[in-house]
Amino acid sequence: MVFEDTADCPSPEQAERNRYKLTIAYDGTDFHGWQKQKTTGPDSAQPLRTVAGVMEEKLAHVLRHPVAVVGASRTDAGVHARSQVAHVDADPPIPLDRVVMAVNSRLPDDIELLNFEVVARDFDAIKDAKNKQYRYRIFNTVRRPLDKRNVVWHCWTPLDVQRMQDAALRLVGTHDFEAFAAAGHGRTTTERTIFDCRVEQDQPEVHVVVQGDGFLYNMVRIIAGTLVEVGRGRFGPEVIDGLLELKDRSKAGPTLPAQGLCLEWIKY
């Protein structure tokens, strides 16, 4: 697969347009992630269904010109968002207060435009983000979560939430999170700041909530997987200290499946 980054090369027409901030919610189950992609095989002429791709297509119908939607967080396939933020350069032909309704009338049921507002010309959804919160939902009973299977991960083994919380607190602060990044993450630095990391119980679910200034590829899902191993008793809470020191991904827990993860908000 190949990522398409057309947003990095604005046309002269785009450069003269106003900039708008979009707030978007979506169920990631049937999307191949946020970022526009195209296949490289025999079906390469058919682009994969992505959130950015669908949003650009419907916005273009309403705005009557092509747009490039730049998202603050490139969520993976199957990951959800309650409040993704993006920016776009546009020249709406209709009153601003009608754009949201016009776009939503064309969007499929698994995506919604929540807000569309004009911002400063230099606003950047990626670079200006100061804090993001993700939540990973674990359904922790022997019963299968049939009605929630697309938004939680099922763990039938009982989890010790207090042990998980003890481990989670050790992640707060500025650290090198190499041990919590997938191989090939492509970042020049693996240092990030975690403002808050906590484990909450909402029977029959256990939630891992993480706030930070930025995240490496699969970082939250690896954090959640490591905390689950602590909750199962396979690791002690102090394993976090060793992982931050050794920076060895192979010593951390598994990368949990995508469907339990949701981007909850982004602050600027």
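Taking the conditions exactly as written (within 19 Å of the chain's Cα centre (by Cα), over 21 Å from residue 266 (Cα atoms) and at pLDDT 95 or above), does residue 178 satisfy them or not? It is true that residue 178 is within 19 Å of the chain's Cα centre (by Cα), over 21 Å from residue 266 (Cα atoms) and at pLDDT 95 or above.
Just so you know, in segment 97-140 the residues that are in contact with an Asp or Glu (Cβ under 8 Å, 6 or more places away or on another chain) and β-branched (Val, Ile, Thr) include one that is nearest to residue 207 (Cα to Cα), and it is 138. Is it true that residue 226 is closer than 19 Å to residue 174 by Cα, surrounded by 17 or more Cβ atoms within 10 Å (Cβ to Cβ) and in contact with a Gly (Cβ under 8 Å, 6 or more places away or on another chain)? Yes.
Taking the criterion of being without any contact (Cβ under 8 Å) to a residue 40 or more places away in the chain and either under 13 Å from residue 254 (Cβ atoms) or part of a helix (DSSP H, G or I) (or both), the residues of segment 206-229 that qualify are 225, 229. Within the bounds of segment 230-243, is there any residue that is part of a loop (DSSP other than H, G, I, E, B), closer than 13 Å to residue 182 by Cβ and of a type in the set (A, V, I, L, M, F, W, C)? Taking every residue of segment 230-243 in turn, none turns out to be part of a loop (DSSP other than H, G, I, E, B), closer than 13 Å to residue 182 by Cβ and of a type in the set (A, V, I, L, M, F, W, C). Only one of (1) assigned to a strand (DSSP E or B); (2) loosely packed, with under 13 Cβ neighbours inside 10 Å fails for residue 157. Which number is that? Single failed check for residue 157: (1).
The rows are residues; the columns are (1) under 27 Å from residue 216 (Cβ atoms); (2) assigned by TED's automatic domain parsing to the domain that holds residue 186.
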| residue | (1), (2) |
| --- | --- |
| 75 | yes, no |
| 92 | no, no |
| 95 | no, no |
| 98 | no, no |
| 144 | no, yes |
| 150 | yes, yes |
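Got at least one residue in segment 222-229 being modelled with pLDDT of 95 or more, farther than 17 Å from residue 133 by Cβ and of a type outside the set (Val, Ile, Thr)? Yes, there is a match, as at least one residue in segment 222-229 is modelled with pLDDT of 95 or more, farther than 17 Å from residue 133 by Cβ and of a type outside the set (Val, Ile, Thr).
The single condition among (1) in contact (Cβ under 8 Å) with a residue 12 or more places away in the chain; (2) under 24 Å from residue 51 (Cβ atoms) that residue 158 does not satisfy is (2).
The values are calculated or read from the model by the stated rules, or taken from the named source; none is laboratory data. Computed from a predicted model, the values in this text were never measured in an experiment. A quick note on method: Cβ atoms are made from the backbone with ideal geometry, for glycine too, and the neighbour counts reach across all protein chains shown.
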